[in-house]
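**Q** One structure coming up, written as structure tokens, with questions to follow.
The values are calculated or read from the model by the stated rules, or taken from the named source; none is laboratory data. Small disclaimer: the values here were computed from a predicted structure and weren't measured. Using ideal geometry, Cβ is built from the backbone for each residue, glycine included, and neighbour counts are taken over all protein chains shown. Calculation scope for accessible area: heavy atoms of the full protein, side chains included, ligands and nucleic acids excluded. Shrake-Rupley method; radii C 1.70, N 1.55, O 1.52, S 1.80 Å.
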Amino acid sequence: MGVSIMTKRLCAVLLVLAWGTFTTAAKVPLIEFVQRPVVVSPVVSPNGRYLAVAKAGEDRKKAVIAVLDLDAPNVKPTIALAVEHAVVDWVRWANDDRLLMGLTNAQIIKDTGVLQFGFSRAASVDRRGGPFAVLFNNQRWLKYTQDLSEVVHPLPLEPNFVLMGASDEYGSNNLYRVNVADGRSEILHSGTRGTYHWLTDLQGNARVRWDANLTRGESDVLIRRGESDNWDVVATYDERELPDLNIVGFGDNPTTAIVASRHGGDRYGLYEYNIISRALGRQLFQHPSVDIGAPGGPIYDPHTTKLLGFSYAEDVWYRHYFDPELAGVQQKLETLFADAAVVRPTSWSIDRKRFVVVTEGPKDSGSYFLYDAVKGATTFIGKRFPKLPPSELGDMLAVKYSARDGTKIPGYLTMPPGKGEKNLPMIVMPHGGPELRDTMQFDSWVQMLANRGYAVFQPNFRGSGGYGKAVTEAGHRQWGRLMQHDISDGVKALIKEGTADPNRICIVGASYGGYAALAGGAFTPELYKCVVSVSGVSDIPQMLVDDKITHGADSYAYNYWKKWVGDPKIDLEQMKAVSPAYHAANFVAPVLLIHGKNDVNVRHNQSIRMDKALFKANKKSELVLLEFEGHAFAFPPSRLKMFTEIERFLQTHIGN
């Protein structure tokens, strides 16, 4: 059961260099793996003359937006905005003279140096500086809305206005026309309490909206034929999975949308969709082996919102353009940045002579450049995380191995810098979802572990998303069985190859990955020396009880989980058979359980039940519960606490 290593793009050269001479990496402070980026979304103005760059101060207490005149490179940049105790989430141009930005208020948490975040607001400012206007400043009932920063359409024919979505105090998300000069707004379309997103055609007419039924755990896709028509539901889907039909954008014809759909087949493709007849039209693109849209995303023109292409992932991310000119630009960029795993334009002038591009990869958290398409020249702008030097991070390799039934399973192996290639302490990190997948890209969690001296193995086991419906459905009712076998078989293959030291392997995961970590400790205790579960499931029947109470027995959410793990009325014993909390006596390795008390996806009682079961079985376990934290550990203080606990636990039990 061997492992084949595929050297995608940059990996072949880097691997030879990394394994040729071994130099121990310097330990990067944990705080650098949880901070917000230093450089945020550089954008070029519509006329191509100005470049706006948002940058955080060294102490993260101040954010500035600088504007450079690209036609006068010797002129000192203008500081359009400087704010204390806030971070800039995004920047875009409303017109050639005025900038829009998303701002989130922030404060430093005492004794940590980490930012805690609060409300998000959109604001605008003249590129030359001066007072800035907070958008929606005339809407008193939006005062307590958590996030008021979603731009739906730039309205290029009305340069002083944009369309934005915002939820009022009653939970209704409405579509507003907002004046970017003074911040005042008016409602154009009212949504419902469940509305959470809008999509317009190129003229700015609202055509599509998404409504969530939080009680039932489902979402509806609604469309309307014209401005005076009613909204009609065209698709309903569970909040945890992708719809069979999802509208992603519009081209030049306002009656023809572009949708992602499986169209009765195995993989998502892109199709034209007539919103009058509600019929699928011609196929625009479908990849032969992976889904488009899951993972992936649409590529919009920043000036018109026209759908120009789509992203998809094989091992690294690729972009498929419908626009021939942009396809040509992409080819030139890939030649200029041949060593980058991924390069893509993020902003461009209307005449497409100047672009902002970003390179990304497993060791590149994001590096921005200005690209002059006329001269074919590039200028470095800055890095998202300059204190994460590539020399201290791990090379990531695409691997394939044979499962016990002969199926080839893809995955990724990140090598710790300066540690060689054999007999390594290894972290097995199954992804969450489970209907998600890992790719060859920067991952702060993975690189934190690699920097600490661990190899990190990420298998895309059957049940993962992104590889087509058959691969995903192969995981149905296979928690702790086939899905777990795929993980275990990858670990055994890496042991056999000599990469992993069998006496220094720990399994670490979050969400479904947390379940898989606990299942590894319960059902293959001989493989692991320690187990870490973050926001993980331990008791599958109890998970369904909680979901039934929250969403209802006839809800999409409850039926989604019945499809994945079984029906408690029929399959209760089989569900218990793969629930780690019922098999605490099997554990040999010590267990670290981390959970947020505000987790609504996987209730923290799952970690409490596992901890109690392990205590009763006289096994070693630690339980860390975080106040106010949800499922994803998105708040930097919580993430720092999580990384700190994991680092300590791993060092104690498998060293590095």
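**Q** Rank by packing, highest mean first: peptides 230-237, 546-553, 453-460, with packing defined as the count of other Cβ atoms within 10 Å averaged across residues. The partial results should precede the final answer.
**A** On the way: 230-237: 14.6, 546-553: 16.5, 453-460: 25.5.
So the order, starting with the most tightly packed, is 453-460, 546-553, 230-237.
**Q** Considering only Ile247, Leu572, Val38, whose Cα is most displaced toward the positive end of the charge dipole of the chain, charges sitting on Cβ of Lys, Arg (+1) and Asp, Glu (-1)?
**A** About the Cα centre, the residue reaching furthest to the positive side is Val38.
**Q** Whats the longest run of the chain with zero GluC sites (Glu not before Pro) that are DSSP loop and have at most 10 other Cβ atoms within 10 Å?
**A** No qualifying site falls inside 228-525, the longest such stretch.
**Q** Now a separate question. If I compute solvent accessible area with a 1.4 Å probe over the protein chains, what percent of it on the chain is carbon and sulfur? Spell out each step's value before the answer.
**A** Numbers: 13860 of 26540 Å².
For the chain, the apolar C and S fraction of the accessible surface comes to 52 percent.
**Q** If you bin the C-alpha pair distances of the range 402-532 every 5 Å from 0, what whole percents do you get?
**A** The percentages, shortest bin first, are 2, 11, 23, 26, 21, 12, 4, 1, 0.
**Q** Arranged from highest to lowest average of other beta-carbon atoms within 10 Å per residue, in what order do the peptides 130-136, 94-100 appear? Intermediate results must be reported in sequence, preceding the final value.
**A** On the way: 130-136: 16.7, 94-100: 20.4.
In descending order of packing, they fall as 94-100, 130-136.
**Q** Given a 1.4 Å probe and the protein chains all in place, what does the accessible area of Lys387 round to, in Å² to the nearest 10?
**A** 100
**Q** Wrap a convex hull around the Cα atoms of the chain, take a quarter of its surface area, and give that in square nanometres.
**A** Values: hull surface 113.4 nm².
About 28.3 nm², averaged over all directions.
**Q** So if I take the centroid of the Cα atoms in the range 560-617 and the same for the range 286-325, what is the distance between those two points in Å?
**A** 38
**Q** Extension gain Asn598-Asn74, at 0.36 nm per residue separation less the Cα-Cα distance, in nm?
**A** On the way: separation 524, 0.36 × 524 = 188.64 nm, distance 5.17 nm.
Going from the current span to full extension adds 183.5 nm.
**Q** Could you give the distance between the Cα centres of the range 499-541 and the range 145-200, to the whole Å?
**A** 44
**Q** Separate question: With helices defined as uninterrupted DSSP H runs, which ones in the chain have an alpha carbon span along their own long axis of at least 20 Å and mean Kyte-Doolittle hydropathy of at least 1.6? Could the numbers behind the result be given before it?
**A** Numbers: long enough: 482-496 (21 Å, 0.12); 636-654 (26 Å, -0.42).
Span-like helices in the chain: none at all.
**Q** Hey, which of these cross-link pairs are over 26 Å Cα-Cα: Lys576/Lys612; Lys27/Lys332; Lys383/Lys422? Write out the running numbers ahead of the final one.
**A** Working: Lys576/Lys612 16 Å; Lys27/Lys332 37 Å; Lys383/Lys422 32 Å.
Among Lys576/Lys612; Lys27/Lys332; Lys383/Lys422, the Cα-Cα distance tops 26 Å for Lys27/Lys332; Lys383/Lys422.
**Q** Applying 1/(1 + (r/R0)^6) with R0 = 30 Å to the Cβ-Cβ distance of Thr236 and Ile187, what FRET efficiency is obtained, to the nearest 0.05? All intermediate terms of the calculation are to be shown ahead of the outcome.
**A** Values: r = 26 Å, r/R0 = 0.88.
The pair Thr236/Ile187 has a calculated efficiency of 0.70.
**Q** Between Val545 and Glu325, what length comes free when the chain is fully extended (0.36 nm per residue of separation minus the Cα-Cα distance, one decimal in nm)? Intermediate results must be reported in sequence, preceding the final value.
**A** On the way: separation 220, 0.36 × 220 = 79.20 nm, distance 5.35 nm.
Between Val545 and Glu325, full extension yields an extra 73.9 nm.
**Q** For the range 502-620, rounded, prolate or oblate, judged on the Cα gyration tensor with a ≥ b ≥ c (square roots of eigenvalues), a/c < 1.5 rounded, else prolate if a/b > b/c? Numbers along the way, then the final one.
**A** On the way: a/c = 2.05, a/b = 1.72, b/c = 1.19.
Prolate, since a/c reaches 1.5 and a/b exceeds b/c.
**Q** Is the C-alpha gyration tensor of the range 362-422 telling us rounded, prolate or oblate? Criteria: a/c under 1.5 is rounded; beyond that, a/b larger than b/c is prolate, otherwise oblate.
**A** On the way: a/c = 3.98, a/b = 1.91, b/c = 2.08.
Judged from the Cα gyration tensor, the range 362-422 comes out oblate (a/c at least 1.5, b/c at or above a/b).
**Q** So, one more: Roll a 1.4 Å probe over the protein chains and send me the accessible area per residue for the chain in Å².
**A** Numbers: 26540 Å² over 656 residues.
I get 40 Å² per residue for this part.
**Q** Next question. Nearest 20 debye, what's the magnitude of the dipole of the range 565-646 about its Cα centre given +1 on Lys and Arg Cβ and -1 on Asp and Glu Cβ? Spell out each step's value before the answer.
**A** On the way: 11 positive and 9 negative charges, 42 e Å.
It works out to roughly 200 debye.
**Q** May I ask you to order 192-201, 283-292 by the average number of other C-beta atoms within 10 Å around their residues, highest value first? Could you put the intermediate results ahead of the total?
**A** Working: 192-201: 19.3, 283-292: 17.2.
Ranked from most to least packed, the peptides come out as 192-201, 283-292.
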